[in-house]
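Bear in mind these aren't lab numbers, they're just calculated from the coordinates by the rules spelled out. All values derive from a computational prediction rather than experimental measurement.
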Amino acid sequence: MQKNRIEVAGYLAAKPDVRYLPSGTPVANARLGESYTFKDSAGKEQKHTNWLVFRLRRLSSLAAAYDKGDNLFVEGSVEQRQFGAKSDGVKRTVHEIICPKFPI
């Protein structure tokens, strides 16, 4: 059996963007940063942050209550999609976490 599930804890990069579909269903997109530290080959401590995009399908109207810097735990499945950038026309790939429940 295969499962497509991911859990991430981190900090919001900005206030979630909540918009409404023509059907009236709210959808929210947000970015979550999770950081870790490590020592490089010279022994100097380095910090690295991974930025993840997550999309809320249900309960996304609750996302408006959160602000930049809030610590969140999200759980969902990973989807990959491609799009053409408007500025240069280059195809880009993004991996998004699709969260059926929010917040956890």
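A few notes on this one:
- Among the listed pairs Lys3/Lys86; Lys47/Lys68; Lys3/Lys39; Lys39/Lys91, those whose Cα-Cα separation exceeds 30 Å are Lys3/Lys86; Lys3/Lys39; Lys39/Lys91.
- Each 10 Å bin from zero holds the following percent of Cα-Cα pairs in the chain: 13, 38, 31, 14, 3, 0.
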